[in-house]
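Computed from the coordinates by the stated procedures, all read-outs in this text should not be read as laboratory data. Worth saying up front: this structure is predicted, and the values here are computed from it rather than measured. Cβ sites come from the backbone with ideal geometry, for glycine too, and all protein chains shown count toward neighbours.
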Amino acid sequence: MTKILTKKVQTGDYQTFIYEGGDKSHETIIFLHGSGPGASSKTNWQGILPQVSEKFHVVALDILGFGNTDHPEVFPENGAKWMSARVKQVIDLMDTLEVDKANLVGNSLGGVISLNLIMNAPERFNRIVLLGAGGGLTEMTPELAKLANFASDPSPAAFKNLFRWFLADETFLEAELDQIVAERVETFNRPEVRRSYEANFKNAHLSDIIVPPSALKRMKNPFLLIHGYEDRFVPLESSLYMMKYLPDSQLHTIKQCGHWAQIEQKDRFIKLTSDFFNGEL
């Protein structure tokens, strides 16, 4: 399989940490991760990047406020300003890497960022995959509320419970769960990561996440929506809402799958996305 390299690249006045692989002459896919505690491009995408990079140029970044990307000294004041900063981050990254046009894969928060990228710069993107995306989330689920308030009690036990809830069947990762928890606890306990996490949810509202029908109707790009039927963080209704308004879209719902289709249904996820980006789906 193709080797995946890590590096930091300039995005505006700070540096973004990325994983990159594949032939740069091939189509580019940019991967955007979700917002859980200790989240990063590694935790969301490490299991699929080597395989996908065999036929595509892949870039997975640590979104501003997460992982190994430089953390702000002065935080955005609210969820809307966080979103604007992250949209700019992706565009700046593409400019630095000299990527004129790319495909997008966005998981959860990454899916919402993808939609905002299309609102702001549709000419820079081809096809978009939304994975358990919150663009149609109209009310907070209990699991999502626990995630948003996680910093108030970030114990290892709370971490383990949270990651169990991401899965439809927790026994699927039973052997690896302790290691996953340990890695993400270590990341989250870095002072700059924890400060960013707390600031990310401060003064944030669901109105910062939901994308209006008027905006969705104007998005002409082809969309593939993938949603785990047992997703307890972003219910299937979010994708149904987006499907109603996106003019060129299809929805694939997967049973025995929670919020992490790229992990629980890895082979299926890779085939669906590869076929879609190749114009075969």
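A few points about this structure:
- Sites GLU183 and LYS8, calculated FRET efficiency, Cβ-Cβ separation with R0 22 Å, nearest 0.05: 0.65
- Close amide H partners of LEU225, meaning residues 5 or more places away or on another chain with modelled amide H under 5 Å apart, are LEU130, GLN250, LEU251, HIS252.
- Taking packing as the residue-averaged number of other Cβ atoms within 10 angstrom, the listed peptides 136-143, 16-23, 95-102 run from highest to lowest as 16-23, 136-143, 95-102.
- Relative to the Cα centre, the charge distribution of the stretch 5-277, modelled as +1 at Lys and Arg Cβ and -1 at Asp and Glu Cβ, gives a dipole magnitude of about 500 debye.
- The calculated FRET efficiency for the pair GLU174 and LYS55, based on their C-beta separation and a Förster distance of 30 Å, comes to about 0.40.
- Label point distance in nm, ILE91-SER214, each placed 7 Å from Cα along Cα→Cβ: 2.0 nm
- Mean residue ellipticity, 222 nm, helices only, the chain: the sum of -39500 (n - 2.57) across DSSP H runs of n ≥ 4, divided by residue count and rounded to 500, is -11500 deg cm²/dmol.
- Global form of the stretch 5-277, assessed from the alpha-carbon gyration tensor, a/c cut-off 1.5: rounded
- Take the Cα of GLU123, step 7 Å toward its Cβ, do the same at GLU77, and the gap between the two points is 3.1 nm.
- Mean Cα-pair separation over length for the chain, i.e. relative contact order, pairs under 8 Å, 6 or more apart, %: 20 percent
- Subtracting the Cα-Cα distance of SER152 and THR253 from their residue separation scaled by 0.36 nm leaves 33.0 nm.
- Column: log10 I(q)/I(0), Debye, Cα scatterers of the stretch 193-281, q = 0.14, 0.22, 0.23, 0.25 Å⁻¹: -0.64, -1.12, -1.14, -1.18
- When the Cα positions of SER155, GLN250, TRP165 are compared along the charge dipole of the stretch 143-281, GLN250 comes out farthest toward the positive end, with charges on each C-beta of Lys, Arg, Asp and Glu.
- Per-residue HN-Hα couplings for the stretch 34-39 [Karplus 6.51, -1.76, 1.60; θ = phi - 60°; Hz; x = Gly/Pro]: x, 10, x, x, x, 5
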